[in-house]
Amino acid sequence: MRNIPPFRAEHVGSLLRPAHLLQARAAAEGDQYRQVTGPLDFSQLKELEDAAITDAVRLQESIGLQVVTDGEMRRRSWFQDFLLAISGTGITWVDSSQTVSAALPFQNDTTVEKLPGHIVRVQDKLKRLAGIFTDHFAFLKKTTTRTPKISIPSPSMLHFWGGRAAIDETVYPDLDVFWDDAVAVWSSEIAALYQEGCRYLQIDDVTFPLICDPHGQDALRARGDDPHKILETYASVLNRITAAAPEDMTLGMHMCRGNNRGKWMGSGGYEYVSEVVFRNIDIPNYFMEYDSDRAGDFTPLRHVPKGKHVILGLVSTKTPKLEAKDDLKRRIDEASRHLPLDQLCLSPQCGFASNFMGNPVTLDDEKRKLSLVVETAREVWG
């Protein structure tokens with residue numbers, strides 16, 4: 001087994017919030033959160049969050065995971081808390097008739113759910129006025145003796161959902177200047193996380209898998225964007241951020257097709273983006289959703305260069321059904337025909353709670369699935 005990240009048994013990061021924390025958050029927010037135009041103030045929940053994080057850390061340690069996260073217990077969503085903490089951003093409500101968002105409807109096997117009509121909009125110059133997740137990481141680090149990992153959204157999240165319309169043209173008439181400021185914000189936060197002791201950072205980016213979906217490509221074209229050009233732009237921005245990261249900080253990127261209360265957004269294999277992602281982006285580790293046929297087969301892994309790792313997201317966080325260990329081993333074997341086994345690891349396909357409401361699984365389901373990842377990894381890699 002590897003004793004450095006990425007570990008053979010990994011997980012994406014978010015965990016189910018305990019019921020009492022959900023109730024406290026609801027009581028604090030009421031119905032007012034929909035009017036928020038800046039970072040939410042959850043200071044009154046800190047004591048409950050601290051306790052929930054401590055419990056989540058103990059759970060991860062008891063299962064045998066070498067990588068530990070705070071479960072994102074302090075966040076409303078995997079990306080909005082970070083974006084709204086940047087000075088110059090806010091929530092904008094969008095008329096459903098407007099062709100603004102490249103987001104696809106969330107769906108499962110039986111229903112399709114339209115997204116709420118809002119996006120995070122850049123309405124002033126982007127500035128990082130204070131630490132965003134630095135305090136989150138500092139608390140996590142002092143709570144565990146294992147390797148602490150924290151995730152942050154990709155800066156592409158400021159652009160992908162709304163494109164040019166999500167970035168005030170009077171503030172940023174030149175999008176190159178917008179990207180310069182975004183890179184400065186992310187680089188500054190990563191440097192601050194490093195100073196707090198962070199040596200394992202995950203960047204969450206759903207754009208690449210969603211662009212694999214022909215419907216996603218059509219949505220981009222409908223608003224005037226070229227999918228291929230967007231791929232190149234996002235890759236370039238990510239490379240500017242990774243170039244500024246300290247050499248001894250391990251970086252990973254998680255990619256999925258949406259994860260909201262058991263629903264997804266996109267379908268389609270990784271072939272459309274594989275060469276750009278694997279060969280052009282200077283990130284050495286990729287957490288890839290592979291829990292269903294919607295992710296396609298493993299042939300795109302042939303583009304992964306030597307020295308890079310793929311963490312196979314074979315265990316679903318969207319359903320309580322526990323995967324069979326033999327099936328996981330069979331799929332790992334299939335993947336190893338395209339990428340050597342030594343370059344592979346195992347994890348769930350996404351977090352268990354990409355937003356605070358969580359997926360339709362129980363805490364016991366969560367524990368069983370994480371335990372399955374650990375047990376399978378030990379048997380496959382020793």
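The values are calculated or read from the model by the stated rules, or taken from the named source; none is laboratory data. In this text, all values refer to a predicted model and were calculated from it rather than measured experimentally. Ideal geometry is used to build each Cβ from the backbone, glycine not excepted, and the neighbour counts take in all protein chains shown. SASA here: full protein model, heavy atoms, side chains in, ligands and nucleic acids out. Shrake-Rupley method; radii C 1.70, N 1.55, O 1.52, S 1.80 Å.
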When region 332-382 is checked residue by residue, the ones that are under 23 Å from the mean Cα position of the chain (by Cα) and at positive phi are 358
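Conditions tested, residue by residue: (1) assigned to a strand (DSSP E or B); (2) under 20 Å from the mean Cα position of the chain (by Cα).
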residue	(1), (2)
124	yes, no
140	no, yes
145	no, no
171	no, no
181	no, no
186	no, yes
189	no, yes
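Quick grid of which residues meet (1) closer than 24 Å to residue 77 by Cα; (2) open to solvent by 40 Å² or more (accessible area, probe 1.4 Å):
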residue	(1), (2)
195	no, yes
217	no, no
246	no, no
266	yes, no
279	no, yes
What is the one condition in (1) closer than 23 Å to residue 204 by Cβ; (2) among the polar types (S, T, N, Q); (3) in a helix (DSSP H, G or I) that residue 317 does not satisfy?
(3)
Scanning region 346-382 for residues that are in a loop (DSSP other than H, G, I, E, B) and either at pLDDT below 95 or open to solvent by 60 Å² or more (accessible area, probe 1.4 Å) (or both) gives 354, 356, 357, 358, 359, 360, 362, 382
Could you tell me how many of the residues in region 298-315 are open to solvent by less than 10 Å² (accessible area, probe 1.4 Å) and of a type in the set (Ser, Thr, Tyr)?
0
Can you give me the number of residues within region 194-209 that are within 14 Å of the chain's Cα centre (by Cα) and part of a helix (DSSP H, G or I)?
3
Cross-chain or 6+ apart pairs with Cβ under 8 Å, region 211-224 first and farther than 20 Å from residue 255 by Cβ, then in a helix (DSSP H, G or I) and open to solvent by 50 Å² or more (accessible area, probe 1.4 Å)
223/164; 223/165; 224/164
Residue 130 over 22 Å from residue 277 (Cβ atoms), outside any loop (DSSP other than H, G, I, E, B) and open to solvent by 10 Å² or more (accessible area, probe 1.4 Å):
no
Search result, residues across region 268-277 that are assigned to a helix (DSSP H, G or I) and either surrounded by fewer than 23 Cβ atoms within 10 Å (Cβ to Cβ) or of a type in the set (Asp, Glu) (or both)
271, 272, 274, 275, 276
Of all residues being open to solvent by 10 Å² or more (accessible area, probe 1.4 Å) and farther than 18 Å from residue 227 by Cβ in region 281-297, which is modelled with the lowest pLDDT? Just the residue, please.
294
Among the listed residues 356, 298, which satisfies the condition of being in contact with an Asp or Glu (Cβ under 8 Å, 6 or more places away or on another chain) and of a type in the set (Phe, Trp, Tyr)?
298
Looking at 252, 216, 258, which is the one that is in a loop (DSSP other than H, G, I, E, B) and small (Gly, Ala, Ser)?
258
